[in-house]
């Protein structure tokens with residue numbers, strides 16, 4: 001049904017004849033229909049795809065993302081996804097899954113259409129109102145209007161309105177009737193037909209497992225034991241030894257004891273490790289504390305526990321379920337072991 005509306009748009013025949021970049025940078029309804037038909041793949045940090053680009057567009061519309069729309073699944077895209085997921089009662093893991101895509105499509109649709117209402121007064125050139133602005137937003141969503149949302153009824157708004165009425169088979173008149181509003185609301189429902197990658201399904205199946213190791217060898221076991229042996233060591237800003245650790249110095253130290261190279265800073269650790277959907281024993285868990293983006297790191301122990309160097313108590317074990325850490329959790333990433 002949604003596809004029929006898209007194809008009736010005055011811009012449709014032009015857009016689909018253009019390069020893909022032009023097509024996917026088109027109006028929101030067309031983007032949503034395209035997105036709903038895509039097969040989702042598991043995205044790792046640094047991957048590029050057109051799906052990510054469309055997600056960035058929509059999160060930008062919804063005021064969650066204000067960085068470059070470049071199709072790269074990076075720090076700011078992941079952060080925006082997690083903020084959106086948290087605000088919409090989804091698991092805030094930053095993944096692009098079916099539930100998240102459906103929620104984004106629905107939220108954007110509401111953003112453009114929720115204030116649309118019938119207008120019971122005559123529309124003349126120069127008439128200005130919030131109802132006209134809502135009409136312009138709805139017509140933009142559908143691909144009929146491409147101008148400012150100024151709330152002023154003029155020739156551009158009128159042409160867009162008449163084209164929409166013609167596409168829906170309604171009487172062409174400079175009026176916003178209840179019939180038009182109801183038709184738009186009914187006909188703009190997009191049914192997602194997303195097939196998720198097998199790796200996503202496997203990751204979901206593993207969420208019920210309380211403890212998994214991220215490697216088959218025993219290095220991680222030694223890393224964990226080394227980490228636990230440092231319990232009680234005081235916190236020291238810039239510290240990298242058992243005389244005092246900061247969070248990243250602690251992680252680097254215990255991995256280095258097993259000749260596993262780990263960067264020095266939290267941001268470098270984030271950038272040089274591999275994203276995982278669910279943490280396994282030995283994975284790094286990251287948090288946003290005193291600044292935007294990853295600023296605190298610990299080592300996952302399993303059963304929802306992680307060990308880290310905290311400013312208040314030094315090296316200690318904490319639960320991911322604690323309110324403080326749960327609300328600041330950014331995700332888990334894996335150190336690559338040769």
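Test of understanding: ordering 133, 291 by Cβ neighbours within 10 Å, fewest first, what list do you get?
Working: 133 17, 291 8.
Least to most surrounded, the residues fall as 291, 133.
Using Cα-Cα distances under 8 Å and only pairs 6 or more residues apart, what relative contact order does region 210-334 have, in percent?
On the way: 262 pairs, mean separation 35.5, N = 125.
With pairs under 8 Å counted, the relative contact order is 28 percent.
Rounded to the nearest 0.05, the FRET efficiency derived from the C-beta distance between residue 261 and residue 147 at R0 = 41 Å is 0.15.
The calculated pair-distance distribution of region 112-185 uses every alpha carbon pair, bins of 10 angstrom beginning at 0, and gives 22, 64, 14 percent. Net length available on complete extension from residue 68 to residue 166 is 31.6 nm, with 0.36 nm assigned per residue and the Cα-Cα distance removed.
Within region 237-323, the ratio Rg/Rh, alpha carbon atoms throughout and Rh by Kirkwood, equals 0.92.
Quick one: 87, 323, fewest Cβ neighbours within 10 Å first, how do they rank? Please report the intermediate quantities before stating the final value.
Details: 87 13, 323 7.
Taking fewest neighbouring Cβ atoms as first place, the list is 323, 87.
Taking R0 as 25 Å, what FRET efficiency do you get between residue 178 and residue 125 from their Cβ-Cβ distance, rounded to the nearest 0.05? It comes to 0.60. The ratio of the alpha-carbon radius of gyration of region 82-135 to the globular-protein estimate 2.2 N^0.38 Å is 1.69.
FYI, it's all coordinate maths here, none of it is from the lab. Here the structure is a predicted model, which means the values were calculated and not measured. Because the Cβ atoms are built from the backbone with ideal geometry, glycine has one as well, and the counts that use them run over all protein chains shown.
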